[in-house]
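The values are calculated or read from the model by the stated rules, or taken from the named source; none is laboratory data. Just so it is clear, the structure is predicted and the values come from calculations on it, not from any experiment. A quick note on method: Cβ atoms are made from the backbone with ideal geometry, for glycine too, and the neighbour counts reach across all protein chains shown. Just so you know, the surface numbers come from the protein's heavy atoms only, side chains and all, with ligands and any DNA or RNA stripped out. Shrake-Rupley method; radii C 1.70, N 1.55, O 1.52, S 1.80 Å.
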Amino acid sequence: MTAHEREAASADGGRSTEEERAAEEERAVDQALALVGHQPRAGHRPPEGPGATPSKPPPSSPVSPPSAVSPPSSSPSSAAAAAAAAAAAASASAGPESRPDSGLTPSSPARSAQTPGAVMPSAPAPSAPAPVVSPLAAPAPAADSASSRSHGASSADRPASSPHAHRTGSTAWHAARALAESLGRAAPLAAHRLPLDRALGHVLAEAVVALTDLPSFDTSAMDGWAVAGPGPWTVKEGEGLLAGRGSTEPLPDGQASRIATGARLPADATAVIRSEHAHCDEAKRLLYAGREVVQGQDIRPRGQECRSGDELLPAGTVVTPPVLGLAAAAGYDALVAVPRPRVDVFVLGDELLTAGLPYDGLIRDALGPMLAPWLRALGAEVAEPRRLGDEAGALRQALVSSDADLILTTGGTAAGPVDHVHPVLAEIGADLLVDGVAVRPGHPMLLARLAEGGPCLVGLPGNPLAAVSGLLTLAEPLLRGIAGRPAQDRYRAPVPQEVHGHPHDTRLIPVVHREDSVVPLHYNGPAMLRGIAAADGLAVVPPGGVRSGTEVEILDLPWASASPWTEGCFT
């Protein structure tokens, strides 16, 4: 076999593996949703209020059809079985880079990263206050350590050497994300009519169809002269043609009239000559062209941009400032859009301070200030985070009284003496869909549905970077599904040096883009925020790690992917 044939065979094998993984993930999601009785979303409920019109149904969800759904069960055990089924189906679907037995070891750097302040693998971690870029991500610290219950850090987060560190029931990372998004898209959505000044950042529930031709009449594209026929032209008297004026008299052949940009073109005009391309002899009242005049030049003909009835934007489009402008130009005063998902954030832990310096075993709450603006950047409406401490009763009351679309809890997702999330979920009859994800940091995260038709809950680990992992693994795709937002296009970027991975689990590492590659950052332990604060994305490192030059999947952070216009972002 030639080198070219080997390369082609390798590429075909990679594609085949990716297709098999995608199919396995879809089957895992279908099994999990079927076991808790989910049905595909039938479509948007019609918008409410006067003049509302029914919305068009969105594209069909990949959820199993009703005939394939098993009888629903409200018991947590059935949901646990669903998650186990998803994990079992997805465990064999790890991508071509999943090499738990690859035995990767730290290697000497092949080349230095082109990044100021980069640290070579053999160099000690710097003590400078700013996060430092490292071309080689150090092995994960004793992952999600139980010694730092601070902010609910889970006692189930044990070092990789622990025989219990890799839970056989953990859901594979890609399968967990796919399940969360499918769960969101299976939820029925209302559609409501929003004035243009309130629609920014929402998702269209109906297509935007042109209500008129654009432009609706022939207009001048430039300030200059409207002319009819060949020149020179006799100049008509008067102030000329201005934008916003009504119908005009026809322009006889051989005549010219001054015209402003956007003004309605007189009938029989054949071209517009820009002011700088013409010379007017005031004495003879004749206009001469400085260059050749082509029929139709600098005229915007009626319907050049669209005709009445043309679809301008499909349902599912995120409303950006240009979308608002296009809708207004097309004759809209309001848009039919999906409401923003409503999120409640419940912060658990008696050890948390809201102000001042840590003291006597108490620490600052890092997640309360971080989660609300992050969720708003994802397009959600977020209530002020509530701090519940370590009271099981307070947690139960908060869960059963919430009317949000999604509830986020921080900490308490393991089995420690004050980790109440699992017992409270069992007490109120919630369906536990995901109980642990094969990802570091953050594997004790969970996903539950509180009741039939009720809100979903994402339980985040208490360590800050572990919580970020849970946010991007479960909450972000779930919110995207609820809001009908399109998924981010998957893309990959190479890493300049070998990156260590977990033996069994996916690893998420903060990175920064540098030219055509991404460089992992230091300070990426589960309790650290210093790395993610300087990052513009997270690298998805498969089990076993990757070698120098390998491309890895990248998750963009919402503020790095250009949505500063999003209403409420970071406020």
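A few comments on the model shown:
- Those residues of region 458-477 which are hydrophobic (A, V, I, L, M, F, W, C), out of contact with any helix residue (DSSP H, G or I) (no Cβ under 7 Å at 6 or more places or on another chain) and surrounded by 24 or more Cβ atoms within 10 Å (Cβ to Cβ), in sequence order: 466, 475
- Members of region 294-317 found to be within 23 Å of the chain's Cα centre (by Cα) and modelled with pLDDT of 90 or more, listed by number: 312, 313, 314, 315, 317
- Residue in region 431-448 that is more than 19 Å from residue 340 (Cβ to Cβ) and surrounded by fewer than 20 Cβ atoms within 10 Å (Cβ to Cβ) present: no
- Out of 546, 552, one residue alone is modelled with pLDDT of 90 or more, crowded, with 17+ Cβ neighbours inside 10 Å and over 30 Å from residue 320 (Cβ atoms). It is 546.
- Only listed residue being at pLDDT 90 or above and not acidic (Asp, Glu), chosen from 258, 291: 258
- Residues being modelled with pLDDT under 90, part of a strand (DSSP E or B) and either open to solvent by less than 30 Å² (accessible area, probe 1.4 Å) or aliphatic (A, V, I, L, M) (or both) are represented in region 261-278 by at least one member.
- Entry remark, region 397-411: residues being assigned to a helix (DSSP H, G or I) and touching a strand residue (DSSP E or B) at 6+ places or on another chain (Cβ under 8 Å) number 2 in total.
- Complete set of residues in region 478-490 that are open to solvent by 10 Å² or more (accessible area, probe 1.4 Å) and either among the aromatic types (Phe, Trp, Tyr) or in contact with a helix residue (DSSP H, G or I) (Cβ under 9 Å, 6 or more places away or on another chain) (or both): 480, 482, 484, 485, 486, 487, 488
- Among (1) surrounded by 17 or more Cβ atoms within 10 Å (Cβ to Cβ); (2) under 24 Å from the mean Cα position of the chain (by Cα); (3) at pLDDT 90 or above - the single one residue 513 does not satisfy: (1)
- Residues of region 279-292 that are buried (at least 18 other Cβ atoms within 10 Å of the Cβ) and over 16 Å from residue 239 (Cα atoms): 289 alone.
- Exactly one residue out of 394, 414 is open to solvent by 20 Å² or more (accessible area, probe 1.4 Å) and outside any strand (DSSP E or B): that is 394.
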